[in-house]
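Written below as structure tokens is the structure these notes are about.
Derivation of every value follows stated rules applied to the coordinates shown; laboratory data play no part. Worth saying up front: this structure is predicted, and the values here are computed from it rather than measured. Neighbour counts are summed over all protein chains in view; Cβ atoms, including those assigned to glycine, are modelled from backbone coordinates with ideal geometry.
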Amino acid sequence: MQITRKQLSVQLSVLLATICAVFLLIGGAAEAEEPPAPAVEHVVAAGDTLWDIASEHVDAGDDVRVVVDAIKERSGIESSSLHVGQVLQIPQP
């Protein structure tokens with residue numbers, strides 16, 4: 001049985017549409033963001049440092065610098081300077 005050009009064209013179009021749909025589904029799933037981890041609020045008191053606050057929330061053996069960076073990112077701050085009354089978001093594992 002011989003396949004005509006029209007049949008071949010239709011089959012290739014269906015195959016291409018299927019491939020595109022699969023890539024769109026995979027791409028959409030890859031771009032979906034996970035909800036942020038729960039956070040604990042910390043109100044900065046006189047004498048608090050970002051390092052000390054992060055040290056209180058780091059698991060044994062983990063790097064405090066990673067927690068410092070996570071606090072800065074989650075709290076929307078760029079520097080390590082803190083102000084009394086400032087509210088920090090401490091991400092929880």
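Observations on the model:
- MRE, 222 nm, helices only [DSSP H, n ≥ 4, -39500 (n - 2.57), over the chain, to nearest 500]: -16500 deg cm²/dmol
- Potential extension, Ile3-Ile19 segment - 0.36 nm per residue separation minus Cα distance: 3.6 nm
- Which labelled figure in [x] 85, 28, 20; [y] 41, 36, 19; [z] 68, 53, 18 is Cα extents along the principal axes in Å, once derived from the coordinates: [x]
- Counted without the sites themselves, the longest stretch of the chain free of GluC sites (Glu not before Pro) in a DSSP loop having at most 11 other beta carbon atoms within 10 Å is 34-77.
- Here the stretch 37-60 is scanned for amide nitrogen atoms under 13 Å from the site 7 Å beyond the Cα of Val66 along Cα-to-Cβ, giving 58-60.
- Computed from Cα atoms, the angle from the helix 5-31 axis to the main principal axis of the chain rounds to 10 degrees.
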